[in-house]
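Accompanying notes for the structure given below.
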Amino acid sequence: MVHRVIPLIAEAASWPVLPYAMGDEAGTLRDQLQRPLHDLRISVTDRCNFRCSYCMPKEVFGKDYPYLPHSALLNFEEIARLARLFVAQGVRKIRLTGGEPLLRKNIEVLVEQLAALRTPDGEPLDLTLTTNGSLLARKAASLKAAGLNRVTVSLDGLDDAVFRRMNDVDFPVADVLRGIEAAQRAGLGPLKVNMVVKRGTNEQEIVPMARHFRGTGVVLRFIEYMDVGATNGWRMREVMPSAEVVQHLSAELPLVALEPSAPGETAQRWGYADGAGEIGVISSVTQAFCHDCSRARLSTEGQLYLCLFASRGHDLRSLLRGGASDGQITQAIAGIWHNRSDRYSQLRGAGMLAPTEKRIEMSYIGG
Ligand code: SAM
Ligand code: SF4
Ligand code: SF4
């Protein structure tokens, strides 16, 4: 797979001197739209054992697909070093993702290294992981012991036939449900379950999923099918807008709107009128939330992406492997964030997008 990256260095010996301050008076780094850098998503593998058609369609991600070689991946020490430098610049939340992050060998060792990081105020991070749940029953306890706070599990339906068709590797839903229970038992909560709703494929699962998880403490979130990447053959007619999901669900289980829990929160919250918990909707297509997007994404091979829909990354691995000091890497990160003006969904929503170059895949950059 060839990805375009913006080289930060011409030669390892000559580091750029960047002409901007690193953070405002309060020490917070801001981009061109005054958005802070708060949330770092780290992809630890570009491989997955599922072939969800909206993410890694089988026809493209077949057995000859050129996944990254192991030497291209950031090792745990490199990831932990970058994470430490990001935390020093304002990151408070780290999410491990992929591909399927639980396929990365000894992932618990990385979790342990990240869990040991502290903010400048001495606080631990909010450390989470997004998984398809297939290996969770086996790994929940060791992840918790390593210091992981929470997990988000992706699950697109309860009906076994629908689920097997959506993961496209015939994986049974019962095993994911066992993983969710194991995560709850291990204390990896409050657990979130993400369901991508694809019209014509799994909208009939909305109500059963809500009934299954309400009253359990699990927060179910419905995600609009996004036009991410270039391989899933996305069509607007397959998007079920969140407003429609809420309307559909409300007819069966009345909902009331709730306040956002934190700034930059991607999900709009709704509570069951009878008090049996809450759900969320993530309206990436119909209601852009770029205005307070505080997320950066680090790819498996150490490219920093500033938007899920970016076509270019910034090469941090060259800095790491070229012998840059912590100060030089910090300066580079500050410069990259400072120049950020990405707001893809907002521009798309306003009909202001020019045709883009080939975009990165979700499996490469993580959700
Ligand atoms: N494999 C893990 C999983 O599935 O949870 C982590 C990586 S996956 C790329 C992260 C999230 O992205 C999942 O919740 C998945 O449903 C979501 N996702 C992938 N492609 C998507 C698309 N086209 N639209 C909306 N969400 C998508
Ligand atoms: Fe794999 Fe997650 Fe993508 Fe599905 S959404 S193919 S589980 S990376
Ligand atoms: Fe953030 Fe880009 Fe998504 Fe907008 S489109 S919310 S900038 S990741």
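A few comments on the model shown:
- Residue tally, condition surrounded by 20 or more Cβ atoms within 10 Å (Cβ to Cβ) and hydroxyl-bearing (Ser, Thr, Tyr), over segment 315-341: 0
- Lone unmet requirement of (1) within 16 Å of ligand 1 (Cβ to nearest atom); (2) at pLDDT below 95; (3) among the aliphatic types (A, V, I, L, M) for ILE42: (2)
- The residue list GLU238, GLU205, GLU224, GLU244 contains one member that is within 16 Å of ligand 3 (Cβ to nearest atom) and either within 20 Å of VAL153 (Cβ to Cβ) or not hydroxyl-bearing (Ser, Thr, Tyr) (or both), which is GLU224.
- In the set VAL17, VAL5, only one residue is at pLDDT below 95, out of contact with any Gly (no Cβ under 6 Å at 6 or more places or on another chain) and farther than 20 Å from PRO124 by Cα; that residue is VAL17.
- Residue tally, condition closer than 27 Å to LEU37 by Cβ and either at pLDDT 95 or above or not small (Gly, Ala, Ser) (or both), over segment 246-275: 8
- Extreme residue, surrounded by the fewest Cβ atoms within 10 Å (Cβ to Cβ), among residues of segment 42-83 that are touching a residue at least 60 places away in the same chain (Cβ under 8 Å) and more than 16 Å from ligand 2 (Cβ to nearest atom): PRO66
- Across segment 216-227, not a single residue is classified as in a helix (DSSP H, G or I) and surrounded by fewer than 18 Cβ atoms within 10 Å (Cβ to Cβ).
- Check on ALA230, aliphatic (A, V, I, L, M), touching a residue at least 24 places away in the same chain (Cβ under 8 Å) and either under 12 Å from LEU220 (Cβ atoms) or within 16 Å of ligand 1 (Cβ to nearest atom) (or both): yes
- Output for segment 251-274, where each listed residue is more than 16 Å from ligand 3 (Cβ to nearest atom) and within 19 Å of the chain's Cα centre (by Cα): SER261, ARG269
- Per-region count, segment 118-134, residues in contact (Cβ under 8 Å) with a residue 60 or more places away in the chain and away from ligand 3 (no atom under 16 Å from the Cβ): 3
- Looking only at residues in segment 24-39 that are in a loop (DSSP other than H, G, I, E, B), surrounded by 19 or more Cβ atoms within 10 Å (Cβ to Cβ) and modelled with pLDDT of 95 or more, the one that is nearest to ligand 1 (Cβ to nearest atom) is HIS38.
- Residue count, segment 194-207 (criterion: under 22 Å from the mean Cα position of the chain (by Cα) and either surrounded by fewer than 20 Cβ atoms within 10 Å (Cβ to Cβ) or within 11 Å of ligand 1 (Cβ to nearest atom) (or both)): 5
- So SER43, is it of a type in the set (Ser, Thr, Tyr) and either touching a His at 6+ places or on another chain (Cβ under 9 Å) or within 16 Å of ligand 3 (Cβ to nearest atom) (or both): yes
- Any hit, segment 99-110, residues being more than 24 Å from ILE329 (Cβ to Cβ), more than 16 Å from ligand 2 (Cβ to nearest atom), among the acidic types (Asp, Glu) and modelled with pLDDT of 95 or more: yes
- Qualifying residue in segment 142-150 (condition: crowded, with 19+ Cβ neighbours inside 10 Å and either within 16 Å of ligand 2 (Cβ to nearest atom) or polar (S, T, N, Q) (or both)): yes
- Whichever residue in segment 291-314 is surrounded by fewer than 21 Cβ atoms within 10 Å (Cβ to Cβ) and over 15 Å from the mean Cα position of the chain (by Cα) and, among such residues, is nearest to ligand 2 (Cβ to nearest atom): SER311
- Residue match in segment 212-220 (condition: under 25 Å from ASP46 (Cβ atoms) and modelled with pLDDT of 95 or more): no
- Single residue of LEU135, LEU191, LEU125 found to be over 18 Å from MET209 (Cβ atoms) and within 14 Å of ligand 1 (Cβ to nearest atom): LEU135
- Looking only at segment 343-363, and only at residues there that are at pLDDT 75 or above and surrounded by 20 or more Cβ atoms within 10 Å (Cβ to Cβ), the one that is farthest from ligand 2 (Cβ to nearest atom): ARG343
- Members of segment 240-255 that are under 19 Å from TYR54 (Cα atoms) and crowded, with 21+ Cβ neighbours inside 10 Å: MET240, SER242, VAL245
The values are calculated or read from the model by the stated rules, or taken from the named source; none is laboratory data. Predicted model, so just to flag it, every value in this text is computed and none were measured. Cβ coordinates were reconstructed from backbone atoms using ideal geometry, including for glycine residues, and neighbour counts include every protein chain displayed.
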